[in-house]
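Computed from the coordinates by the stated procedures, all read-outs in this text should not be read as laboratory data. Predicted, not measured: the structure shown is a model, and the values here were computed from it. Reconstructed Cβ throughout: ideal geometry from the backbone, glycine too, with neighbour counts over all protein chains shown.
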Amino acid sequence: MTKIEKRADQKFFYKYTSQFGLIIMVSAVLLFFIITSPNVFLSGSIYLSFLSTVPTIGLMALGLTFILGMGEIDLSFPSVMALSAFLFASVYKSTGNFLFAFLSCIGAGILVGMINGLIVTKIGVPSIVVTLGMQFLIRGFSNLISDGTAIVVPLRGTISQQIFAGKLLGIPVQSLWFLGMSILFYFLLFRHKFGEHVLFAGDNQESAKMMGVNVDFVKIAAFSLMGAMAAFAGMFDLYRMRTWWPTMGEGYLMMIMAAVFVGGTSMFGGEATIFGTFVGSFMIGALEAGIVAAGLKGFWTRFIIGLLIICAVIVHTLIRKRKK
Amino acid sequence: MVNIIEMKNIHKSFGGVKAIRGIDFTVGPNEVVGVLGDNGAGKSTLIKIISGVHSFDEGEMYIKGKKINPRKHCVKTAHKMGIETVYQEKALAEKQTLWRNIFLGRQMTNKLGFIKVKKEIDETQKIMRELMKFRGIGANAESYIRTLSGGEKQGVAISRAMYFDSDLVILDEPTMALSLQEVKKVLNFILAVKERGKSCVYISHNIANVYPVSDRFVVIDRGIIVGSYNRKDISLEELNEELIQYTKTKTQQ
Ligand SMILES: Nc1ncnc2c1ncn2[C@@H]1O[C@H](COP(=O)(O)OP(=O)(O)OP(=O)(O)O)[C@@H](O)[C@H]1O
Ligand SMILES: [Mg+2]
């Protein structure tokens, strides 16, 4: 190698150290599973099952990546997921019209996100507080309007089920949606004006304002996007289960935050990684299912996920420090 | 020719703090105005009203003869009216790359709003070569702002203003972090603005820098204008003496 090539090579590695670290971690987890329970992890069916469950986590993790990149947080999305899915379920059940159901589902997600954003920007309440309240409020509201009972939705055999929970060449379509959305979000964050404004708002709000970024608008839009993604994820889970239940979304909050942090997005704003979130979602989603499949007792899940999160964020922080 | 800026009896408070208390301020066509005054006098607030960062509470403002509605005036509209500002805070984001900082708010995009990355980077390299004249210290268009030195950051902020050619350039303490040689470059830039028939507002605590490039000086004290001089009527020594007088009366109060 010539000197210049070598330098470029080092730069490449330098630039992507976090990504390499992540891939190594995923491989290690996989290897661990293969060794502990080869009959499960050497057959393809477990991976196919990941491909239908992980996208629910991933879609919301993508939205949360924008929120964290902006230096904010959202705790309300699991409840939004439940509310939106409830609307989808009840509208679909009473009208049989996919479009109405879809619009009310996504519309509700956007609306709640917008309210979050408005309270954060126009009144100035920290997002952690607003969305904490909203999390209870929306959960309570969906319990009230649903009377706390589950709804079975006649989705089996519909065309829309083929689109949102079917299989394409044997692959669960949810995973293709997730892949497509990840690519879209990558371009939105790193190649689009909106994403640039999100990162600048998270980095230095005052500077962003001085250069003509409408920071309030950007924040409201990002919270709305998060709401839309929660609604979207709710719809996917509804198609997969064909049942809405009042506790839908509970348990997702910590998992999804873990996926984003393990991926390498920092909570200080101004920096974010879509690739990391993509891999992190698979890692967290697969761990949960994998540990059970591996025959380990359930509480191992939490222990190992906890260990992994701590290791991952330590690695990311060290790498970030070295780059400074 | 119509004045670039005309402000009449402008007031601005932040909560209880009255930062600007009835200021009349004009910038004529092809005029360089030096703005002087103590820390906290209201200089930055004044120029941020012009550049659209802050609105004003009372009074009237005209830009190029057009009456400004304080509710509608913002950074974007100020940019469109040809006002370019180098802020005291530099207005850069540390974790972002140099090229993104240059074009923030004025990105080159396609119709869908996607950024033409290569074009922005190429343009930034040109800016660095021709305007910043960075002497290859390892900084490039894709460097993160946090990796630059104080002077380099200042250089980025100033070149950004130079690049977006405008009718009024506002410089708020642009020479703070700069070496003598770099200061010279900034002063030459101001003279070049004047030569091109454009106007400039130059804020600095360093009177020796302000004096030779300005046509007129305005002294602000606690939110009001307390003095205004044409350079041809006053020498540097006399101006210095005047400023000392203001400080004296202030401490006596
Ligand atoms: N965003 C703000 N919020 C509240 N108060 C502010 C704000 N900006 C300025 N002030 C107050 O307004 C007054 C004038 O501040 P300003 O920054 O305009 O002074 P300055 O003349 O630029 O001073 P310096 O020479 O130190 O830069 C100060 O008392 C300051 O505390
Ligand atoms: Mg100032």
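Of the peptides A:207-219, B:215-227, the ranking by mean beta-carbon count within 10 Å, highest at the top, reads A:207-219, B:215-227.
This ranking places B:148, A:199, B:180, A:83 by how few other beta-carbon atoms lie within 10 Å of each, fewest first, which gives B:180, B:148, A:199, A:83. If you take every residue apart from residue B:1 with its C-beta less than 13 Å away from the C-beta of residue B:1, what net charge results, scoring Lys and Arg +1 and Asp and Glu -1? Local charge sum for residue B:1: -1. Residue-wise HN-Hα couplings along the stretch A:156-169, as the Karplus relation 6.51 cos²θ - 1.76 cosθ + 1.60 with θ = phi - 60° gives them from phi, are 4, x, 7, 5, 4, 5, 4, 6, 10, 9, x, 10, 10, 6 Hz; Gly and Pro carry x. Nearest 10 degrees is fine. How inclined is helix B:150-163 to the longest principal axis of chain B, computing both from alpha carbons? The two axes meet at around 90 degrees. Comparing Cα centroids, the stretch B:196-253 and the stretch A:80-97 end up 68 angstrom apart. Our coupling estimate for the stretch A:248-263, obtained by passing each phi through the Karplus curve with A = 6.51, B = -1.76, C = 1.60 and θ = phi - 60°, is 3, x, 5, x, 7, 3, 5, 4, 6, 4, 4, 4, 5, 5, 4, x Hz, Gly and Pro reported as x.
Remark: B:10, A:171 ranked as A:171, B:10, counting other beta-carbon atoms within 10 Å and listing the fewest first. Note on chain B: dipole from Cβ charges, positive end direction compared against B:156, B:174, B:97; the farthest Cα belongs to B:97.
Close amide H contacts of residue B:220 (hydrogens built in the peptide plane, cut-off under 5 Å, sequence separation of 5 or more or a different chain): B:36, B:37, B:226. Dividing the convex hull volume of the alpha carbon atoms of chain A by its residue count gives 160 Å³ per residue. Each distinct pair of alpha carbons in the stretch B:107-198 adds a 1/r term; the inverse of their mean, the Kirkwood radius, is 14.4 Å. Applying the criteria of a DSSP loop state and at most 14 other Cβ atoms within 10 Å to the GluC sites (Glu not before Pro) of the stretch B:1-107 yields B:89.
Take each residue in B:94-102, count the other chain C-beta atoms within 10 Å of its C-beta, and the mean is 4. The HN-Hα couplings worked out from phi for the stretch B:38-45 by the Karplus form 6.51 cos²θ - 1.76 cosθ + 1.60 (θ = phi - 60°) are 5, 4, x, 5, x, 5, 5, 4 Hz, whole numbers, x standing for Gly and Pro.
Pairs from the table (A:193/B:126; B:126/B:194; B:43/B:198; B:80/B:184; A:219/B:64) lying more than 25 angstrom apart at Cα are B:80/B:184; A:219/B:64. Within 10 Å of the Cβ of each residue in A:198-210, the mean number of Cβ atoms contributed by other protein chains is 6. Under a Cβ-Cβ cut-off of 15 Å, what is the net charge of the residues other than residue B:13 that fall near it, where Lys and Arg count +1 and Asp and Glu count -1? That works out to +3.
Mind checking the angle between helix B:180-195 and chain B's longest principal axis? C-alpha axes, 0 to 90 degrees, to the nearest 10. Roughly 80 degrees between the two axes. A simple charge model with +1 on the Cβ of Lys and Arg, -1 on the Cβ of Asp and Glu and nothing else charged puts the dipole of chain A at about 720 debye relative to its Cα centre. Helix B:117-127 versus the longest principal axis of chain B: what angle, 0 to 90°, nearest 10, using Cα atoms? It is inclined by approximately 50 degrees. Packing here is the average count of other Cβ atoms within 10 Å per residue, and on that basis the peptides A:48-55, A:138-145, A:36-43, highest first, run A:48-55, A:138-145, A:36-43. Taking only alpha carbon atoms, chain B gives an Rg to Rh ratio of 0.98, where Rh is the Kirkwood radius. Among A:254-263, B:194-203, the peptide with the highest mean count of other Cβ atoms within 10 Å heads the list, and the full ranking is A:254-263, B:194-203.
Per residue of A:240-251, other chain Cβ atoms within 10 Å of the residue Cβ number 0 on average. Shape descriptor for the stretch A:45-159: Rg over Rh equals 1.02 (Cα atoms; Rh from the Kirkwood inverse mean 1/r).
For the protein assembly as shown, the spread of Cα coordinates along the three principal axes comes to 92, 64, 46 Å, biggest extent given first.
Magnitude of the charge dipole for the protein assembly as shown, about its Cα centre and with charges confined to Cβ atoms of Lys, Arg (+1) and Asp, Glu (-1), is about 1000 debye. A convex hull fitted to the Cα coordinates of the stretch A:208-284 yields 114 cubic angstrom per residue.
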